[in-house]
Amino acid sequence: MTNRIYFLDHLRTFTIFLVVLTHAGMTYESGFDNFWIVSDPAKLNGIALVRLYLDLFVMYTIFFISGYFAPPSLSGKTTSEFISSKFHRILIPWVVAVFTLIPAYKFIYLHARGLPQEPWFTYFHVFRLQDGDPYYFPHNPTQSWLWFLPVLFLFQVLYVFIARTGILKIKFSFVAALALTFFIGVISSVIIAQLGWSGWTHTAIFDFQRERLLTYFLVFLLGTLSSSKNVFSEGEGRLTFMIISNIALGIGLAAYTLFALNLFNNMLHPAQSHFYLSALGDRIVFYASALISMFGFLYLILFNFQGSFNKFYSILDRINPNSYYVYLIHMILLGIIAMLLVPLHLPVWVKYILLAALTFIASHSLVLVTRNYFPRLVPRRMDWVILVMALLLSGYVFTKNRDPDIKLSAAIGPSPPNLHDAAIRNDLATVAYSISTGQPLDTPDPGSGSNPLTTAIVFGRNEIARALINAGADVNFQDRGGSTPLHAAAYFCRTELVQVLLENGADPSIRNFDGLTPLEVVSDSFENARSGYDYFQETLGPLGLKLDYAYLERTRPQIVKLLMRN
């Protein structure tokens, strides 16, 4: 390519960093214990929102950039030469990676959890334990992050045949192609979801998300069209598109957040399903807003990178060629670094940032050293030997898939219900189940440090509070501020619960870290206390807290009298 478009090289490196950032976050989210390489006991589920938004556009951006570079790569080559070059550049490194890095992934997975290592042939992605748990990685090792490479190779092959047949010569404006991609993407995703086919397909070669595969390919083709039409050399209309993209992104992101969180909640609690429009209507808005947000992100990133980074930078010139190989190896380095961070008593967000940054730096450093001292680890003439060896190994592992005598570690059970969430939702059934199964009743809330009993009291969930007290919850448990359940019951004027707590051993003499007893937190005038109630209503109102100020003002003196008798 004669006039190199530097900003796309820089953007590719940046998107690989975002991939690393996404994967680092999953170490500190709940719900991934069964398949993620390392699961740190310290959790910060707010990271899920970061992943939710990154997942909207990161892989689409990588496919778009890959598509953009496909036409110049095809120029001057025959069909067989193009496919051969992609085979050696994409598929052979994938074969090496999938037969070395996936076993390393499983080794780290087991080691990080203190589990024994297992028979060697169970470490390959083609192994499936008969009657095993399909969601437990040791039973069903998948390609994990390496799924992208065979899919990219498939897209390159499909592109060359489409290009050779002349389909791409049809007069398409970029805006028309964009609209077509949007409508086909929404319609195909909704149909797949309505048919119950959502999710991942795992095979020996291709792993892919069924509702996204076609849209990924269309975005890849958008990249090829952008290259053919030389869209990044056109300045006219860019400002207008930027304004439209900002507006579309704002609206799309708001709708996506609202509908995505609701759909995920419905998946977790199918008995309490709620729809803003209808089951079908919500799903259409979900996929449409996701694609609108993706296009908005994609255009704004391209616009800003073209405007600010379309120039040569010596340091980026050194690391940009590493991107492909950093993507290949980053997960193993991430697992090693995550294990080293587990015992450190640091805030979770600090661990998250450290893990992402150190993984990215270590991956680039390793690739730079390897490229400098070992320019080609595997001679090109060995590519076919590698392929034959991979096929033979796969054949052997396939024979073991049906062996009923293979015994592996049991799947990690699902995370126990969160009693704080159950109390907020007034979900007595979940609390009763947790009590009956012996779940710890005093697990502190990550933010306030209070136990579930205090959470139930704050939100006025009297039945749940009684159930927890009767089951043995600590009635004198102190949160980060030193307050006990009795402090909360007194402050929020839960008269019945104040009496129940006192009858079950709550100590009214305990002082919080402000030096106040439960009696003293409610002894001041209501007007002086009003700002505190305003604070709680503002912060906890979105979770369902409803304070009746007239009731509080009327009841505070009664709580004082009740506490003074004890």
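Give the residue that is surrounded by the most Cβ atoms within 10 Å (Cβ to Cβ), with candidates limited to residues of segment 104-148 that are among the β-branched types (Val, Ile, Thr) and within 21 Å of residue 391 (Cβ to Cβ).
Only one residue fits best here, namely 126.
Would you check if there is a residue in segment 128-138 being aliphatic (A, V, I, L, M) and modelled with pLDDT under 90?
Scanning segment 128-138 turns up at least one residue that is aliphatic (A, V, I, L, M) and modelled with pLDDT under 90.
If residue 482 passes every condition in (1) in contact (Cβ under 8 Å) with a residue 24 or more places away in the chain; (2) over 41 Å from the mean Cα position of the chain (by Cα); (3) farther than 20 Å from residue 424 by Cβ but one, which one does it miss?
(2)
Residue 299 passes all but one of (1) farther than 30 Å from residue 215 by Cβ; (2) surrounded by 16 or more Cβ atoms within 10 Å (Cβ to Cβ); (3) of a type in the set (Phe, Trp, Tyr); which number fails?
If we test residue 299 against (1) farther than 30 Å from residue 215 by Cβ; (2) surrounded by 16 or more Cβ atoms within 10 Å (Cβ to Cβ); (3) of a type in the set (Phe, Trp, Tyr), just (1) comes out false.
Looking only at residues that are in contact with a Phe, Trp or Tyr (Cβ under 6 Å, 6 or more places away or on another chain) and free of Cβ contacts under 8 Å to residues at least 60 places away in the same chain in segment 276-305, which one is nearest to residue 231 (Cα to Cα)?
Within segment 276-305, the match that is nearest to residue 231 (Cα to Cα) is 289.
Mind checking which pairs have a first residue in segment 342-367 that is more than 20 Å from residue 37 (Cα to Cα) and a second that is of a type in the set (Gly, Ala, Ser) and in a helix (DSSP H, G or I), Cβ under 8 Å, 6 or more apart or different chains?
Listed pairs, sorted by first residue: none to list.
Kindly provide the set of residues from segment 64-91 that are part of a loop (DSSP other than H, G, I, E, B), under 21 Å from residue 226 (Cα atoms) and not small (Gly, Ala, Ser), ordered by number.
Matches in segment 64-91: 69, 77.
Return the residues of segment 40-63 that are farther than 15 Å from residue 293 by Cβ and assigned to a helix (DSSP H, G or I); say none if nothing qualifies.
47, 48, 62, 63
If a residue has to be loosely packed, with under 15 Cβ neighbours inside 10 Å and among the aliphatic types (A, V, I, L, M) to count, how many in segment 434-465 make the cut?
Qualifying residue count for the region: 0.
Check off (1) outside any helix (DSSP H, G or I); (2) touching a strand residue (DSSP E or B) at 6+ places or on another chain (Cβ under 8 Å) for residue 151 and give me the number that stays unchecked.
For residue 151, the exception is condition (1).
This table checks each residue for (1) in a helix (DSSP H, G or I); (2) under 21 Å from residue 503 (Cβ atoms); (3) of a type in the set (A, V, I, L, M, F, W, C); (4) at pLDDT 90 or above.
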| residue | (1), (2), (3), (4) |
| --- | --- |
| 532 | yes, no, no, no |
| 542 | yes, no, no, no |
| 546 | no, no, no, no |
| 550 | yes, no, yes, yes |
| 553 | yes, no, no, yes |
| 557 | yes, no, no, yes |
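From the set of residues in segment 50-79 that are of a type outside the set (Lys, Arg) and without any contact (Cβ under 8 Å) to a residue 24 or more places away in the chain, which is nearest to residue 256 (Cα to Cα)?
The residue in question is 73.
Which pairs turn up if I take residues in segment 16-44 that are of a type in the set (A, V, I, L, M, F, W, C) and look for partners that are assigned to a loop (DSSP other than H, G, I, E, B) and surrounded by fewer than 19 Cβ atoms within 10 Å (Cβ to Cβ) with beta carbon separation below 6 Å, at least 6 apart in sequence or on another chain?
Correct list of pairs: 26/32.
Surrounded by 15 or more Cβ atoms within 10 Å (Cβ to Cβ), closer than 30 Å to residue 252 by Cα and touching an Asp or Glu at 6+ places or on another chain (Cβ under 9 Å): is that true of residue 62 in this structure?
Considered against the rule, which asks whether it is surrounded by 15 or more Cβ atoms within 10 Å (Cβ to Cβ), closer than 30 Å to residue 252 by Cα and touching an Asp or Glu at 6+ places or on another chain (Cβ under 9 Å), residue 62 comes out as no.
Looking only at residues in segment 306-331 that are in contact with a Phe, Trp or Tyr (Cβ under 7 Å, 6 or more places away or on another chain) and surrounded by fewer than 20 Cβ atoms within 10 Å (Cβ to Cβ), which one is nearest to residue 194 (Cα to Cα)?
Only one residue fits best here, namely 306.
What about residue 37, is it of a type in the set (A, V, I, L, M, F, W, C), surrounded by 17 or more Cβ atoms within 10 Å (Cβ to Cβ) and assigned to a helix (DSSP H, G or I)?
No: the conditions fail for residue 37.
The values are calculated or read from the model by the stated rules, or taken from the named source; none is laboratory data. As the structure is a computational prediction, the values presented were derived from the model and not from experiment. Here Cβ is always computed from backbone atoms with ideal geometry, including for glycine, and neighbour counts include all displayed protein chains.
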